[in-house]
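Structure first, then comments.
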């Protein structure tokens, strides 16, 4: 059975997540080591809503999604951000990413957040299917990314 839980309740997964995230997105922080990424992820284990990482599990770690204050230093005026949506390679295309994203959206609504942002180099159609809109396309750390947004007061409770 799929469970979505706060990483702070199962912090033993932080090293695996750091390795997955490093493999997937190290080109955005090419000088950061896995141990530095683990250190950077430590604030996700606190009791504040931002930053928080949620993990999907089903007898094993399946994936993650986070909410952070900012995910693009070139866009400090935009906050908060959906970030680190990652599903392990063997568990993709099973609806896990959709469930994680919707979980973050519901939590953001209950925490009185009106709008969320994200950046993606290659998954904009996935997010558009979930109601996100393209804000811009731009070069970020030598990678073309799509910056997207979603207004949460437009979402129904079951979205």
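Throughout, read-outs are computed from the coordinates displayed, never taken from laboratory work. Owing to the predicted nature of the structure, the values given are computational and were not obtained by experimental measurement. Positions of Cβ are backbone-derived with ideal geometry, glycine not excepted, and every protein chain shown enters the neighbour counts.
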Worksheet entry | Exposure proxy order (Cβ contacts within 10 Å, fewest to most) of 64, 33 | 33, 64
Fill in: Cα centroid of segment 1-23 to Cα centroid of segment 86-159, whole Å
19 Å
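So what is the relative contact order of the chain, in percent, for Cα pairs below 8 Å that sit 6 or more residues apart?
On the way: 245 pairs, mean separation 27.7, N = 159.
For the chain, the relative contact order is 17 percent.
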Response to the item:
Dividing the mean separation of Cα pairs under 8 Å (6+ apart) by the residue count of segment 31-124 yields a relative contact order in percent of 22 percent
Fill in: Which of 148, 1 has the fewest Cβ neighbours within 10 Å, and the rest in rising order
1, 148
